[in-house]
Amino acid sequence: MLLIRHSIGSRLFCQTEIYSIEKNKEDRWKISLQVDEETSSKILDFKEELNVFEVNEKEKTWYYSSDAQISFQPIEKQLVILADHKTVYPY
């Protein structure tokens, strides 16, 4: 499960089971997910203040984009986050 939250107050912007995370050559993680325009607008309004969590049975992983590289592709209805920080918290 993927959660996108506001870093101040933990407001939940999005929760989904359908997403992808890929590590690229620059040690960044490309996180892609389908969202509607209203959700993307809320997320982009706070793009400098987001925490992204991937949660599974064994661990919770925190991703963060320190330079707010977040975009929305309206035709595909896809939100793309380029995270440069990753921390894994085992249960």
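Bear in mind these aren't lab numbers, they're just calculated from the coordinates by the rules spelled out. The structure displayed is predicted, hence computed values, not measured ones. No Cβ is skipped: glycine too gets one built from the backbone with ideal geometry, and neighbour counts run over all protein chains shown.
Mean residue ellipticity at 222 nm from the helices of the chain, using -39,500 (n - 2.57) per DSSP H segment of n ≥ 4 over the full residue count, to the nearest 500 deg cm²/dmol?
Taken over the chain, the calculation gives -3000 deg cm²/dmol.
Would you mind calculating the gained length between Y89 and M1 on full extension (0.36 nm times residue separation, minus the Cα-Cα distance), in nm to one decimal?
Working: separation 88, 0.36 × 88 = 31.68 nm, distance 1.48 nm.
Using 0.36 nm per residue and subtracting the Cα-Cα distance, I get 30.2 nm.
State the answer as a single residue: which of F46, L33, L2 lies farthest towards the positive end of the charge dipole of the chain, with beta carbon charges of +1 for Lys and Arg and -1 for Asp and Glu, about the Cα centre.
L2
Calculate, in nm to one decimal, what N24 and E38 gain on full extension: separation in residues at 0.36 nm each, minus their alpha carbon distance.
Answer, rounded to one decimal: 2.2 nm.
Which one of P90, Q73, Y63 has its Cα pushed farthest toward the positive end of the charge dipole of the chain, where Lys and Arg give +1 and Asp and Glu give -1 at the Cβ?
P90
Could you give the length gained on full extension between S66 and V80, defined as 0.36 nm per residue of separation minus the Cα-Cα distance, in nm? It would help to have the intermediate numbers written out before the result.
Values: separation 14, 0.36 × 14 = 5.04 nm, distance 1.45 nm.
Computed gain between S66 and V80 is 3.6 nm.
Can you list the GluC sites (Glu not before Pro) in the chain that are in a DSSP coil and have 16 or fewer other beta carbons within 10 angstrom?
E17, E26, E48, E49, E57, E76
Run the dipole for segment 2-90 about the Cα centre, Lys and Arg Cβ at +1, Asp and Glu Cβ at -1, nothing else charged, and hand back the magnitude in debye, nearest 20. Please list the in-between numbers first.
Working: 12 positive and 16 negative charges, 40 e Å.
Roughly 200 debye, rounded to the nearest 20.
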